[in-house]
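Report on the following structure.
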Amino acid sequence: MPPNSDPWPSPATDAFSFGFPRHADNHKEFGLAELRGGKLIPFPNRNFVYPSAMPYADWLVSPHGVAMDAHDVLWIVDDGKRAGIQEIPQGAAKRLVAGRWVAT
């Protein structure tokens with residue numbers, strides 16, 4: 001399991017999302033997961049939350065802030081920071097709302 005998890009509850013469904021930022025430990029596990037059936041499942045899918053050779057804008061580099069609002073809309077802030085790497089590459093820092101990137 002990735003280190004330094006913090007749970008964020010969904011007020012509408014009682015589900016929990018867990019973020020695993022990479023700014024303190026540049027781990028190779030998933031950056032975001034949902035607790036289902038007692039197991040952490042990469043959320044929304046493996047390609048989006050594991051380190052990748054895809055452009056930084058296309059995957060979660062270091063999700064630092066995750067919240068679910070009263071309408072069950074997931075809000076994510078990806079600060080793009082990774083331990084041991086000073087620069088933040090273009091596209092690594094971003095905000096996601098309801099499954100759409102809204103700014104970089």
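What follows is calculated from the coordinates using simple rules that are stated; it is not laboratory data. Just so we're clear, the structure is a prediction, and the values are computed from it rather than from any experiment. Cβ coordinates were reconstructed from backbone atoms using ideal geometry, including for glycine residues, and neighbour counts include every protein chain displayed.
Taking amide H as placed 1.01 Å from N in the peptide plane, the amide H of Phe43 sits under 5 Å from that of Leu32, Ala33, Glu34, each at least 5 places away or on another chain. Applying the Karplus relation 6.51 cos²θ - 1.76 cosθ + 1.60 with θ = phi - 60° to the stretch 61-72 yields 3J(HN,Hα) values of 7, 8, x, 9, x, 9, 8, 10, 8, 5, 9, 6 Hz, where x marks Gly and Pro.
The slack in the chain from Asp25 to Ile88, taken as 0.36 nm per residue of separation less the alpha-carbon distance, amounts to 21.2 nm. Rounded to the nearest 0.05, the FRET efficiency derived from the C-beta distance between Val73 and Ser52 at R0 = 22 Å is 0.30.
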